[in-house]
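Please read the structure below before turning to the comments.
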Amino acid sequence: MSKIAISMGCPCGIGPEVTVAALRSVAPAHPDQRFVVHGDAGALAAAEASRGVSLRSMPNVEVVAVGALTADERRPGAPGIAAGRAQFDALERALDAVRAGEAAALVTGPVDKGGITRAGIPFKGHTEHLAARCGVARVVMMFAGPLLKTSLVTTHRAIAQLSSDITAEAVAETTAITARALRSSFGVARPHLVVCGLNPHAGEGGMFGREEIDAIAPGVSLARERLGEGFAITGPMGAESAFRKARDGRFDAVVAMFHDQATIASKLLDFGSAVNVTLGLPIIRTSVDHGTGADIAGQGVADEGGMVAALERALSMVASR
């Protein structure tokens, strides 16, 4: 029986609620798997009460209590310092379990990055933190949904930085990591990827910028050399065309240049069912693709579909490996 480690996310958001609600359907459907939830016990108990779920009644679900927040510290809304620290500690405990081989995959609930930072912990996001903890120079953020798979060359960067951050090496590494993951973890035997341009219409031959000429096209060529036979890469192509054609099934994945170029398309096409997957780590990590939902936390109305999808994606990736 393999284990899936879950960090429930911000205790003041919808993370606890979507976790318990998702396990209500996923855990019974996979009796040969064990699900270990890391997080504040009080927040989980409140979520169980709001959704009429009892984790203790599920024989293959275990709770590892991390921290001991008061009712005031875990109240719905913006997290204070204690809740900011608690969500980070839960992530660390779950990650430690996976890195130690005690669990086969990590599934993360939504965190409040500002809350973690206010607790005195430098934190740009899950992707960057996991890369640092695992000692990996480059990881790739992918949003994988039923209609679209898209990965990012840059993640949480200011738009003004993109021209310097998008290099031939960054494009080549992102494209190669994405292509190999499509084969190893998504069951695509001969992956065909399309790489977006940065500028409108992929720069129109330098009319709207030179990033496509100086960095993106050379990166595509490098990726082709490194991957060899069995992979196809098209691009750079204007983003509007790349995403439309991928939606229609002409490509297995899109390599986007920056965060919103990928996420706008992903959330329009697959919101609620797309999964944030971190490629290039020595571990399997999946996550919901939504935020903490502080405005609806504690009301018992959060949609658990994203967490269901994240758990199912993790299980399928474990099976593929």
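The values are calculated or read from the model by the stated rules, or taken from the named source; none is laboratory data. Fair warning: this is a prediction, and the values are worked out from it, not measured in the lab. Heads up, the Cβs are rebuilt from the backbone with ideal geometry, glycines too, and the neighbour counts pull from every protein chain shown.
The residues of the range 253-299 that are buried (at least 21 other Cβ atoms within 10 Å of the Cβ), over 16 Å from the mean Cα position of the chain (by Cα) and within 21 Å of residue 154 (Cα to Cα) amount to a single one, 257.
One residue stands out in the range 1-14 among those that are aliphatic (A, V, I, L, M) and part of a loop (DSSP other than H, G, I, E, B): the one that is nearest to residue 318 (Cα to Cα), namely 1. If the condition is being touching a Lys or Arg at 6+ places or on another chain (Cβ under 8 Å) and either among the β-branched types (Val, Ile, Thr) or outside any loop (DSSP other than H, G, I, E, B) (or both), then the range 99-133 contributes 99, 105, 106, 107, 108, 113, 116, 121, 126, 130, 131, 133.
One line per residue, one yes/no per condition, for (1) polar (S, T, N, Q); (2) part of a helix (DSSP H, G or I):
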{"site": "150", "(1), (2)": "yes, no"}
{"site": "163", "(1), (2)": "yes, yes"}
{"site": "177", "(1), (2)": "no, yes"}
{"site": "183", "(1), (2)": "no, yes"}
{"site": "206", "(1), (2)": "no, no"}
{"site": "213", "(1), (2)": "no, yes"}
{"site": "216", "(1), (2)": "no, yes"}
{"site": "229", "(1), (2)": "no, no"}
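Can you say whether residue 17 is outside any helix (DSSP H, G or I) and assigned by TED's automatic domain parsing to the domain that holds residue 313, as far as the supplied structure shows? So residue 17 fails the test. State whether one or more residues within the range 184-193 are more than 22 Å from residue 278 (Cα to Cα) and in contact with a strand residue (DSSP E or B) (Cβ under 7 Å, 6 or more places away or on another chain). The answer is no, given that none of the residues of the range 184-193 is more than 22 Å from residue 278 (Cα to Cα) and in contact with a strand residue (DSSP E or B) (Cβ under 7 Å, 6 or more places away or on another chain). Do you know which of the residues in the range 20-58 that are of a type in the set (Val, Ile, Thr) and not in a helix (DSSP H, G or I) is modelled with the lowest pLDDT? Result: 53.
Summed over the range 32-66, residues that are without any contact (Cβ under 8 Å) to a residue 40 or more places away in the chain and within 25 Å of the chain's Cα centre (by Cα) total 15. Residue 241 meets the conditions (1) of a type in the set (S, T, N, Q); (2) in a loop (DSSP other than H, G, I, E, B); (3) more than 18 Å from the chain's Cα centre (by Cα) in every case but one. The failed one is (2).
Which one of these is touching a His at 6+ places or on another chain (Cβ under 8 Å), in the same structural domain as residue 276 (by TED's automatic domain parsing) and buried (at least 21 other Cβ atoms within 10 Å of the Cβ): 152, 198, 91?
152
Which members of the range 215-239 meet the condition of being touching a residue at least 24 places away in the same chain (Cβ under 8 Å), closer than 22 Å to residue 199 by Cβ and either crowded, with 19+ Cβ neighbours inside 10 Å or among the hydrophobic types (A, V, I, L, M, F, W, C) (or both)? Once the filter is applied, which keeps residues that are touching a residue at least 24 places away in the same chain (Cβ under 8 Å), closer than 22 Å to residue 199 by Cβ and either crowded, with 19+ Cβ neighbours inside 10 Å or among the hydrophobic types (A, V, I, L, M, F, W, C) (or both), the range 215-239 yields 215, 216, 219, 220, 222, 223, 233, 235, 236, 237, 239.
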